[in-house]
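Okay, so here's the structure we're looking at.
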Amino acid sequence: MKKFLTAVGLICVVFSCGLASEPIEVAQRGYTTTTLRDPVFDVPKLVVEATAINNWLNQNYETLAQDQMKGPREHIYYLIDSYVKNIYTRESVILPKEHDLLLAMLFSWVERLGVYGGTLAYNAVKSPDSPKMPTYLVVPEGMTLSLESDLFIISSITGSWRVKVPYYFMIWGMNNFTATNGMTTQLVSLSTGVATDVTETGHSQATLMVIYSVGADIEEFSQFWKDGLGIGNDAETLDLPMVDRESFHSFDAETKLHKEINIWKGDRGSYAVAYLGMDGAYQWNRPHYIDFMNAIEVGGILPPNQ
């Protein structure tokens with residue numbers, strides 16, 4: 001978005017733009033709304049920060065190296081998260097029914113900064129008079145990504161798995177690859193909403209990963225990913241309410257990082273869902289780990305109880 005937007009102008013947008021007067025049937029269906037509170041930024045600060053990052057990217061984006069994009073995109077998602085919480089508090093929805101200038105400005109950058117689905121979100125909230133934004137990131141062969149109301153749908157084209165997540169979650173990794181042990185693997189990595197934590201900045205997102213390997217031996221698959229995440233065989237087990245399953249959990253007291261993984265075998269291969277977060281953000285967002293597990297469909301059905 002190349003037009004200069006002042007903070008004053010954006011404040012007007014926040015309080016007077018055409019948000020939905022009639023909420024959709026259910027906000028972020030399948031995901032708790034209890035986390036849609038306590039935003040990191042209040043509205044005046046959010047508007048100032050949004051204007052600043054938009055202007056900074058207009059001036060610097062073309063010179064950014066790939067490894068320099070992580071900071072700006074995370075900051076944008078901190079702003080998106082706070083704004084969505086503000087919308088929900090006022091309107092009981094998370095996706096405005098009509099166009100929204102501030103969200104469009106923020107989402108106009110994210111796919112160029114390495115986030116899948118940013119164009120879909122931008123096109124959903126942009127002004128009808130604005131042209132549709134082209135796709136910058138191509139979804140890897142074998143997977144699909146679409147936006148249905150306020151949820152992204154991520155799936156394997158073989159029907160081996162499918163999951164829905166709120167549109168303000170940051171999908172920063174979609175990969176098909178052969179693991180070092182020879183397993184053919186699909187891996188999707190995304191970040192949840194933002195919460196207060198123990199880091200220097202005082203807030204962060206948590207990370208969710210869905211992992212699938214067709215035909216993989218479950219014992220080899222399990223050990224490979226537990227080792228890869230640094231979760232030892234002596235890790236504690238935690239209940240996953242609502243899905244009647246257990247996961248392995250470890251906590252690094254030095255780094256303050258929590259790591260959790262649930263692994264199971266299905267008819268079409270071996271599956272895992274991993275959840276990682278810094279102390280504070282991990283606890284706040286863990287309900288979405290449960291939601292994510294509930295949202296996954298494997299071969300058209302939910303994962304079997306373990």
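The residues of the range 185-210 that are under 19 Å from G117 (Cα atoms), in contact with a helix residue (DSSP H, G or I) (Cβ under 7 Å, 6 or more places away or on another chain) and hydrophobic (A, V, I, L, M, F, W, C), listed by number, are V194, A206, L208. When T199 is tested against the conditions (1) touching a residue at least 40 places away in the same chain (Cβ under 8 Å); (2) crowded, with 21+ Cβ neighbours inside 10 Å, the lone failure is (2).
Restricting the range 253-300 to residues that are among the charged types (D, E, K, R) and under 19 Å from S191 (Cβ atoms) leaves a set whose member that is surrounded by the most Cβ atoms within 10 Å (Cβ to Cβ) is E260.
Table: residues versus (1) without any contact (Cβ under 8 Å) to a residue 24 or more places away in the chain; (2) more than 30 Å from T63 (Cα to Cα); (3) in contact with a Gly (Cβ under 9 Å, 6 or more places away or on another chain); (4) in the same structural domain as H75 (by TED's automatic domain parsing).
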| site | (1), (2), (3), (4) |
| --- | --- |
| G118 | yes, no, no, yes |
| I154 | no, yes, yes, no |
| S160 | no, yes, yes, no |
| Y168 | no, no, yes, no |
| M174 | no, no, no, no |
| V188 | no, no, yes, no |
| A195 | no, yes, yes, no |
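For the criterion of being modelled with pLDDT of 95 or more, among the aliphatic types (A, V, I, L, M) and within 23 Å of T255 (Cα to Cα), M174 fails. For the residues P96, P134, the requirement of being over 17 Å from the mean Cα position of the chain (by Cα) and touching a residue at least 24 places away in the same chain (Cβ under 8 Å) singles out P96. The set of residues in the range 83-104 being modelled with pLDDT of 95 or more and either within 19 Å of L64 (Cα to Cα) or charged (D, E, K, R) (or both) consists of K85 alone.
The values are calculated or read from the model by the stated rules, or taken from the named source; none is laboratory data. This is a predicted model, so every value here is computed, not measured. Using ideal geometry, Cβ is built from the backbone for each residue, glycine included, and neighbour counts are taken over all protein chains shown.
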